[in-house]
Amino acid sequence: MKINQHTKIAKLIQHNVQSIDAIASIAKPFQNLKNPILRKLLATRVSIMEASKIGHCQLSRFKEVLEPLGFIWEDAEADVKEESPLPEPDWLAGHTIQDMDVRPMIKAGNDPLKDIITAYKNLAEGEILCIINDFNPFPLISRLEKMGAKSYIKKVEDELFYCYFLKAQQLNEPEIQKSAENPAFISDVDFIERLEKLDPEKLFSIDVRELPMPQPMETILAHTANLKPDEVLFVQHKKVPLYFLEDLASYKLQVYISEFKANDVKLLVSRLK
């Protein structure tokens, strides 16, 4: 397979599944490719060039790890053009914009997701949060859009992106009916009984106990993003995920949770009906 900097990561994986481990070895952010849900979210939207910016690595590193798998690297011809940028939306004008430059945080090795989510929640309706970054933050776009944000990404230059998120006015939609106990804290015996009654073919399990922060929450959100109404996610965690539980209404999820012992918390997550 002939590839270049514009080849999508998904195409590489489709051609040779060994490319997952090969790319994951390049930089820590690419370890997410080993997670099927995160891989589905990232790989279909990210090219090799975009991935190099996310991982802060040279394109040559992709060539080094992919050529031994049989890929043939050919630099893109000069006439290969990027997709035309979308026109600026009308809502970008006439609204208060709050800038947030996350480049220093990322350079220092910190994950800015929690601070971004907090900043977005603190916006008044009609205000805009502008995230300044050196790459297009694809997962963040999906995350905030699920919270009701309207988004627009402006590429200022090769390594400078302005990512605008409008906190749109909330529509008067009927509130989803949910139990007063959500999350519902139950005993370990009740939890096991519920777990045993579930259809194994509709049950998905993840263990986030050994993941560093904030990967546990990110992993849970990635798995719940594609959760169908008749499916249930079984989560093993070291502690009660407070930030995740605070936003159950916006995620439209029902959670049953039990603390079996120290550093052993279990959750059953399903969609609200």
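Computed from the coordinates by the stated procedures, all read-outs in this text should not be read as laboratory data. What you see is a predicted model; the values in this text were computed from it and never measured. Cβ: placed from backbone, ideal geometry, glycine included. Neighbour counts: every protein chain shown.
Numerical summary
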{"read-out": "Most positive-pole-ward Cα, 226, 205, 185, against dipole of region 178-273 from beta carbon charges", "value": "226"}
{"read-out": "Filter on 8/63; 114/167; 121/266 - keep pairs with C-alpha separation over 20 Å", "value": "121/266"}
